[in-house]
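Laboratory data are not the source of any read-out in this text; all were calculated from the coordinates shown. Note that the structure is predicted; figures quoted are calculated from it, not measured.
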Amino acid sequence: MTIASGAEGVNEDLIETFPRNRLSVLSIHQAKGLEFPMVIVDIGSDFKRNHPQQRRNRFPDDGETAHKLENLMRPFAKGLGLQTRSERDRAFDDLYRKFFVAFSRPEQCLVLVGLTGSVPQAGNIPNAAAGWDRLGVNRWPASVPVHHL
């Protein structure tokens with residue numbers, strides 16, 4: 001709070017810089033606000049099969065706890081009114097924002113990696129990061145190159 005109030009400053013000499021001749025491994029959250037020449041984003045190595053517990057990270061069926069709490073608390077907030085969007089839609093919005101951050105980090109090259117089941121042209125596991133929309137339709141263009149290793 002002291003930095004936000006202006007009572008303390010940020011010593012920018014302590015902020016780590018990323019050498020151009022090294023590979024930096026960061027979470028999406030850590031990479032927010034940064035750019036790199038090439039970015040590799042894992043969009044599906046955790047999704048070996050279409051398991052219900054994994055859906056929330058790739059193709060939500062319902063809202064998260066935060067969305068449910070928002071629905072419970074919102075009527076008590078003056079001037080906000082009732083929520084007009086479903087919990088599921090808000091969960092998709094959060095997922096899209098997360099992957100937007102990841103997909104907008106590269107300066108030149110974005111590489112998406114995952115297991116074969118999560119690869120858009122070969123996979124049948126719904127995954128918003130791999131081109132599936134909220135309706136369950138894979139919108140990934142067939143012209144996008146996919147390389148299987």
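Quick one: which residues, 5+ away or cross-chain, put their amide H under 5 Å from the amide H of residue 113? H built at 1.01 Å from N.
When sequence neighbours closer than 5 places are left aside, the close amide H contacts are 41, 42, 43.
Residue by residue through the range 53-63, which ³J(HN,Hα) values in whole Hz follow from phi under the Karplus form 6.51 cos²θ - 1.76 cosθ + 1.60 (θ = phi - 60°), with glycine and proline marked x?
6, 8, 4, 4, 8, 9, 7, x, 8, 8, x
Using θ = phi - 60° and the Karplus form 6.51 cos²θ - 1.76 cosθ + 1.60, what ³J(HN,Hα) does each residue of the range 27-43 get, whole Hz, x for Gly and Pro?
Coupling constants for the range 27-43: 6, 4, 4, 5, 7, 4, x, 10, 10, 9, x, 10, 10, 10, 10, 7, 10 Hz.
Quick one: what are the phi-derived ³J(HN,Hα) couplings along the range 100-107, Karplus 6.51/-1.76/1.60 with θ = phi - 60°, whole Hz, x for glycine and proline?
4, 4, 5, 6, 9, 7, x, 8
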